[in-house]
Amino acid sequence: MVTVLFYTLAAITLATTVLCLTRNNPVHAVLYLVQALFALALLYFMLGAPLLAAWQVILYAGAIMVLFLFVIMLFEPPVADKRTSGRLTHWFFPVMLGGLLLACGGALIAMDPAAKASLSSYWLTPRDYGRALFERYALAVEIISLILLFAAVGAFHLGRRYRSTTKEDVS
Amino acid sequence: MNDVLLTIILIVIKLGLVLGTVLSLAAYMVLAERKVLARMQMRHGPNRVGPFGLLQPLADLIKLLCKEDLIPERADRWVFMLAPAISVGTALLAFAVIPFGAPLQIFGRTIELVICDLNIGLLYLFALSSLAVYGVALGGWASQSKFALLGGLRAMAQMISYELALGLAIVPVVMASKSFSLTAIVASQQSLPNALRHPLAFLIFVIAIMAESKRTPFDMPEAENELVAGYHTEYSGMRFGMFFVGEYVNLIVLGSMLTVLFLGGWHGPFLPSVGWFLIKILAVAFFFIWVRGTVPRLRYDQLMAFGWKILVPLGLLNILVTAVWLLWRG
Amino acid sequence: MSLWRDIKGTIQPFWVTLRYLFCRPVTICYPEQKQTPAPRYRGRLILTRDPDGEERCVACYLCSAACPVDCISMQATEREDGRRYAAWFRINFSRCIFCGLCTEACPTLAIQMTADYELATRELLQVVYEKDELLIDGCGKNAQYNFYRLAGIGVAAPRGANPGESPPEDIKSNLP
């Protein structure tokens, strides 16, 4: 059962990623990518890393993709394609993939109703996760966080409004 | 196998009960909000349908169901239809992990009053609240309308910003109770609710959930005097109703989040635990309505500046202080 | 202290709204409770009669001319004794804006406003009032006023006999 679920989820991930790459409409591409991230999160959960699954959804689907969507929304108005909007093929794939994803989620819960027993042999608790990050890979984490800090400072510098273009001068 | 079947049946029963309660509570929350706001402005509020207007939610539901469901001609049809479903779905799914009462003992079986006690329940809630952005953003984008687009953009920016403050306010609670599981967090507040232990986190959390649910001091996404109705300008009929119900379900979800994390969950003297939980949720909801009746709307730049320049640094500072205190106490 | 002022300014409104929550609402629940309008309220128009029981209206068309939305129409006609009256008189209340200009224009105080404001109906033609619906049996405001006792063509009293009225000039013998 677990094997079946694994392959189904893996197939969904692949299919949605391919669909994401081939869409013309950027917002649709983002939606497919979010679906792929979801399937990936369910895979993580199934493999015994619930914390990683949660981070996957919160950070990737909830923050990064939202920022992508933000930029796309600013630049791309929706293009209603009259030719395909009513056609079966237009909605068959998303509906099928979404339904399959929901079914997999339901199956995961049904196999493990009280979320007590783990499906996999190894169950990564938040404690283990923290230990690994801040003890074993502490140096790497520090370096990455420093790089991110530089990036943030750099972005702030680039986005800074210069004296010469303050409000008074513009008006 | 029998045991598993029984567990599944129990889950289904709990699911039905919780869904029914939450949806009817959300419907009556609309009525309560209209009534309380009206009384604060010395009006009567809805009082035509049934005694004291108690059947008003039903009348609203029938009206919304019977209305024509318009889809703008140039809208992206499927995204347009998907958006309200995301909005209401994320709000309803959040209830799966919220413990609403002390464990019950029936026929020698311990039934925990929570649908699914995930050990990362808090993160699950957080993930769903960050996904709720999609409903709003996609609804705003797919409508092909300037007002809806601007409303969606604002809602996105606001929700992402305040989610950060929300997360930072949760961290001290998790640090003190040493668990992501909501039942464990409730259990850790048996003697003293977290609101008294972490007053600053409590304050930040209250403000952040108000912004997260897009309610009045922070209701920029649907500021009616500049954006008509924001992201749901183009929606009508039951699709609008779904956005609307989603908003109130979200209010209940955030109210129960506040109850679980800071107000001691279902702990309380004399009354049964579920009763205490309901009382606390209703008190939080009344507070939200009260704030809506009192505080004027912020300007958009003030809103963002408040989130990023005040709430986030305060939240970080609070985490630091809590960490130092926890270390010092050992 | 501006910080103290800000905190006070944030907290105080909560107390105000809470206090008003327990106040009695000022709303009048309309169909059950009715408000008594002021005596000079500008509601539905009526046509009044003079103290003798005759119609005051002399069908001079002044109200119709004064009406900014042209909702008054009538047809003038004359009795054998020369007294004018309206053969038919029609006010379309779906157009009337209740401005009261017709009552100000009326020389005989025939058209007057009442305090009745409950004109709403589902049938549009029901708000077009004909003369028999407009004409009342009483005198309305200014109960003692009778146009023909102060001026006019000698219907109530011979010409020039009314108080404050001088006898008509005889234009045929108007010689020095």
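The values are calculated or read from the model by the stated rules, or taken from the named source; none is laboratory data. Source: prediction; values computed, not measured. Methodologically, a virtual Cβ is constructed for each residue, glycine included, from the backbone with ideal geometry; neighbour enumeration extends over all protein chains shown. Quick note on the areas: whole protein, heavy atoms, side chains included, nothing else; ligands and nucleic acids left out. Shrake-Rupley method; radii C 1.70, N 1.55, O 1.52, S 1.80 Å.
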Task: Computed helical MRE - 222 nm, chain C, DSSP H runs ≥ 4 contributing -39500 (n - 2.57), nearest 500 - done: -5500 deg cm²/dmol
Open item on the list: Based on C-alpha coordinates, I'd like the Rg and Dmax of region B:159-225, in Å.
Closed with: 14.0, 47
Open item on the list: Give me a comma-separated list of calculated 3J(HN,Hα) values for region B:234-251, in order, Karplus coefficients 6.51, -1.76, 1.60 applied at θ = phi - 60°, integers in Hz, x for any Gly or Pro.
Closed with: 8, 8, 9, x, 6, 5, 4, x, 5, 4, 5, 4, x, 4, 7, 4, 4, 4
- [ ] Take region B:195-330, compute every pairwise Cα distance, and split them into 5 Å bins from 0; I just need the percent in each bin.
- [x] 2, 9, 14, 18, 18, 15, 11, 7, 4, 1, 1, 0
Task: Amide H within-cut-off set for residue C:85, under 5 Å, with H built and near neighbours excluded - done: C:77, C:78, C:79
Open item on the list: Let me confirm one metric for peptide B:74-84, namely the mean number of other chain beta-carbon atoms within 10 Å of its residues' beta-carbons.
Closed with: 4
Open item on the list: In the protein assembly as shown, if the dipole is taken from +1 on Lys/Arg beta carbons and -1 on Asp/Glu beta carbons about the Cα centre, which of A:152, A:106, B:128 is farthest to the positive end?
Closed with: A:152
Task: Karplus-derived 3J(HN,Hα), 6.51/-1.76/1.60, for each residue of region A:147-159, Hz, glycine and proline x - done: 4, 5, 5, 4, 4, 5, 4, x, 5, 5, 5, 5, x
- [ ] Normalising by the residue count of chain B, find the relative contact order in percent from Cα pairs under 8 Å and 6+ residues apart.
- [x] 23
TODO: With a 1.4 Å probe on protein heavy atoms only, work out how much accessible surface A and B bury together, total over both chains, in Å² to the nearest 100.
DONE: 3200
Open item on the list: Could you tell me the calculated FRET efficiency between residue A:135 and residue B:3, based on Cβ-Cβ distance and R0 = 45 angstrom, to the nearest 0.05?
Closed with: 0.70
Task: Total accessible area lost when B and C pair, probe 1.4 Å, Å² to nearest 100 - done: 1300
Task: Accessible solvent surface per residue of the protein assembly as shown, calculated while the other protein chains remain in place, 1.4 angstrom probe, Å² - done: 55
TODO: List the relative contact order of region C:19-172 as a percent without decimals, with contacts defined as Cα pairs under 8 Å and 6+ residues apart.
DONE: 27
Open item on the list: Suppose we keep just the alpha-carbon trace of region C:45-153; what are its Rg and Dmax in angstrom?
Closed with: 13.6, 45
Open item on the list: Give the separation of the Cα centroids, region C:59-128 to region B:15-39, in Å.
Closed with: 52
Open item on the list: Can you give me the % of accessible surface on the protein assembly as shown that is carbon or sulfur? Probe 1.4 Å, all protein chains present, nothing else counted.
Closed with: 66
Task: Amide proton proximity set for residue B:101, modelled H, under 5 Å, gap of 5+ - done: B:113
Task: Residues in region B:36-51 occluded by at least 20 Å² - accessible area, probe radius 1.4 Å, against chain by itself - done: B:39, B:40, B:42, B:44, B:48
Open item on the list: Show me the ranking of peptides B:244-253, A:143-152 by mean Cβ neighbours inside 10 Å, starting with the highest.
Closed with: B:244-253, A:143-152
Open item on the list: For q values of 0.16 Å⁻¹, compute log₁₀ I(q)/I(0) with the Debye formula on a Cα-only model of region B:77-219, without solvent.
Closed with: -0.92
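First obtain the Kirkwood hydrodynamic radius of chain B from its Cα pairs, then insert it into the Stokes-Einstein equation at 37 °C and 0.692 mPa s, and state the resulting D in µm² per second as a whole number.
Here the translational diffusion coefficient equals 157 µm²/s.
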Open item on the list: Give me a comma-separated list of calculated 3J(HN,Hα) values for region B:52-63, in order, Karplus coefficients 6.51, -1.76, 1.60 applied at θ = phi - 60°, integers in Hz, x for any Gly or Pro.
Closed with: 6, x, 6, 9, 4, x, 5, 4, 4, 4, 4, 4
Task: Packing-based ranking, highest mean first, of B:146-159, C:122-135, B:46-59 given that Cβ atoms within 10 Å are counted - done: B:146-159, B:46-59, C:122-135
Task: Equivalent ellipsoid dimensions for the protein assembly as shown as semi-axes, Å, which come from the Cα gyration tensor, largest first - done: 70, 29, 27
Open item on the list: Order C:116, C:50 by their accessible area, 1.4 angstrom probe, all chains in place, largest first.
Closed with: C:116, C:50
TODO: Can you tell me the order of B:122-129, B:71-78 when each peptide is scored by its average per-residue count of other Cβ atoms within 10 angstrom, highest first?
DONE: B:122-129, B:71-78
Task: Angle between chain C longest axis and helix C:2-21 axis [Cα atoms, degrees, rounded to 10] - done: 60
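Once Rh is set to the Kirkwood radius over Cα pairs, what Stokes-Einstein translational diffusion coefficient, in µm²/s, holds for region B:76-146 at a temperature of 4 °C and a viscosity of 1.567 mPa s?
Rounded to a whole number, D works out at 92 µm²/s.
Could you work out the local net charge near residue B:33, counting Lys and Arg as +1, Asp and Glu as -1, over the other residues with Cβ closer than 12 Å to its Cβ?
That sum, taken over residues with Cβ under 12 Å, equals +4.
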